[in-house]
1. What residue, among those in segment 199-216 that are part of a strand (DSSP E or B) and open to solvent by 20 Å² or more (accessible area, probe 1.4 Å), is farthest from ALA255 (Cα to Cα)?
2. Return the only residue of ASN303, ASN316, ASN341 being at pLDDT 95 or above and open to solvent by 10 Å² or more (accessible area, probe 1.4 Å).
3. Hey, among ALA168, ALA183, ALA158, which residue is closer than 21 Å to TYR306 by Cβ, among the aliphatic types (A, V, I, L, M) and open to solvent by less than 10 Å² (accessible area, probe 1.4 Å)?
4. Hey, could you check segment 407-431 for residues that are outside any helix (DSSP H, G or I) and closer than 17 Å to THR106 by Cα and say which is most open to solvent (accessible area, probe 1.4 Å)?
5. Test of understanding: among THR196, THR147, THR219, which residue is part of a strand (DSSP E or B), open to solvent by less than 30 Å² (accessible area, probe 1.4 Å), modelled with pLDDT of 95 or more and of a type in the set (S, T, N, Q)?
6. Scan segment 309-367 for residues that are polar (S, T, N, Q) and part of a loop (DSSP other than H, G, I, E, B) and report the count.
7. Quick one: which of PRO133, PRO166 is touching a His at 6+ places or on another chain (Cβ under 9 Å), in contact (Cβ under 8 Å) with a residue 60 or more places away in the chain and more than 27 Å from SER213 (Cβ to Cβ)?
8. Given the criterion buried (at least 21 other Cβ atoms within 10 Å of the Cβ) and assigned to a strand (DSSP E or B), identify the matching residue among HIS175, HIS105.
Amino acid sequence: MTPVFFRFTAALITTYCSFMSLAESDISLLRVNGQRDPAELHCPTAKSQVRAQASQSRSGNAATVSATSPDTAAELMTAIKFEIIKPPVHKHTPGPKIGLWGDSHTASGTFTDSLLEALHLPHAQTHPSFIAPTFGLKGIRQPLRRTCLSDDWHLSLAYRNPTEGPQAFAKSLAHLGTEDAGAFIWLDFRYPDAQTRLKWADIHFAKDKVERSLVLGITVDDGAEAIVNLGPSSSQRLRVQAEHAFATLRLRVIAGQIRIDGIAPVYDGKTQAILDVFSIPGATAKGWRVVDSDHLRREDPLNAGYDVVILQSGTNESLDPDFKVGLYEAQLNTSLTRLKNAYPKARCIVIGPPDAQRSSNTLRLINDSQYRLASAKGCTHWHWQKAMGGQGAAQRWLAKGWMQADLLHQTPDGYAQSARSFVSMVPIKAR
């Protein structure tokens, strides 16, 4: 047995002994170890750096075992102790649980920060239940301190999907896929402050070809890399849990194909509210039309769903030179139906587009359509354009310093004013 092959085998056996499939909860549990004070994440410039770091960590992990013994693998297997357990059922906060799907107006974080302030919810104790895999997408502020992403991932977005039939999207309405060996994702969860830590993180994933094996390398907090083989019978959730609460997670594709639907973190310490923001710059409301509501509900880490679901849209539709009210209403009707089917107990809110100079009249038509459909579906509609002062308000807001020069997006002060107006008109609370 060569030293290189031995080190790989030792790490692989160690991981297999720590990796178990929990059929009752349909979650595969991976136990790993990290360091208590992980270093800052510095994104690598090449995949070769990631491979070198992973090899070094595995070498250190296996160094205590002699490579000269013919029975090394068997001895290591008997030396490692492991047990099969059922992970604790996590009960999410009794406070408000809010899901928001929108476009650039709510993707950048300025509106949602002001929303939390207006609701008197502490930012440090408001956490996501699910993080969309839109890492590195411009205009999105993720609830993460830092992300590192290799360039061989492909992002698929539901609103860009050309088909009309229901598909297996998670509630992020996005998935990130690759079949390139060496592809990596690094995530730093120390947000909104440096003391933030996770109890565990569930990686929601799928394989286009179920029969293919998927081999991943997983590292937390600068610890040794654990190698995981997710075969044909594996579940579609991989729970990563360490001996101590951890801050960073690194994923490396060693072999196979993977599609990541999102990361479901469970935070150490108190969580007073859940706020999931799945807004994407350029998005339209039609993304929900391709969602399989039953699949989404089964995969949702929030077993009881949200207290409030918010669909914010209209600006990007208004900029379409071929905009047709009838087609828009048909798409919005389908999207609202699927959203309501996915979260039947949640209060449903539709936020219309704010005023903008280039498409002020079309925005009025869109808001009118949204009001009619929202009322028919039992949803509340907030007329953002009217709250600003109606058609032409963008120019007046520009003079106040509340509108950006493009007369399409608002300034931080403008979004803060909008969020306060929204909360004053539309009550948001837990069920």
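The values are calculated or read from the model by the stated rules, or taken from the named source; none is laboratory data. What you are looking at is a predicted structure, and each value in this text was computed from that prediction instead of being measured. Glycine gets a Cβ as well: all are built from the backbone with ideal geometry, and neighbour counts include every protein chain shown. Surface areas here come from the heavy atoms of the whole protein model, side chains and all, with no ligands, DNA or RNA. Shrake-Rupley method; radii C 1.70, N 1.55, O 1.52, S 1.80 Å.
1. To start, the set of residues in segment 199-216 that are part of a strand (DSSP E or B) comprises 199-206, 214-216.
Narrowing further to those that are open to solvent by 20 Å² or more (accessible area, probe 1.4 Å): 199, 215.
Details: LYS199: 28, VAL215: 5 Å.
Filtering first and then ranking leaves LYS199.
2. Working: ASN303 fails: at pLDDT 95 or above; ASN341 fails: at pLDDT 95 or above.
The conditions single out ASN316.
3. On the way: ALA168 fails: open to solvent by less than 10 Å² (accessible area, probe 1.4 Å); ALA183 fails: closer than 21 Å to TYR306 by Cβ.
On inspection, the qualifying residue turns out to be ALA158.
4. Just the residues of segment 407-431 that are outside any helix (DSSP H, G or I), to begin with: 407-411, 426-431.
This time we only want the ones that are closer than 17 Å to THR106 by Cα, so: 407-411, 426, 428.
On the way: LEU407: 15, LEU408: 16, HIS409: 48, GLN410: 2, THR411: 27, VAL426: 4, ILE428: 23 Å².
Within segment 407-431, the match that is most open to solvent (accessible area, probe 1.4 Å) is HIS409.
5. Numbers: THR196 fails: part of a strand (DSSP E or B); THR147 fails: open to solvent by less than 30 Å² (accessible area, probe 1.4 Å).
Answer to the check: THR219.
6. Initially, segment 309-367 is screened for residues polar (S, T, N, Q), giving 312-313, 315-316, 318, 331, 333-335, 337, 341, 357, 359-362, 367.
Cutting the leftovers down to part of a loop (DSSP other than H, G, I, E, B) gives us 313.
Looking only at that region, the number is 1.
7. Numbers: PRO133 fails: more than 27 Å from SER213 (Cβ to Cβ).
Result of the check over PRO133, PRO166: PRO166.
8. Values: HIS105 fails: assigned to a strand (DSSP E or B).
The match here is HIS175.
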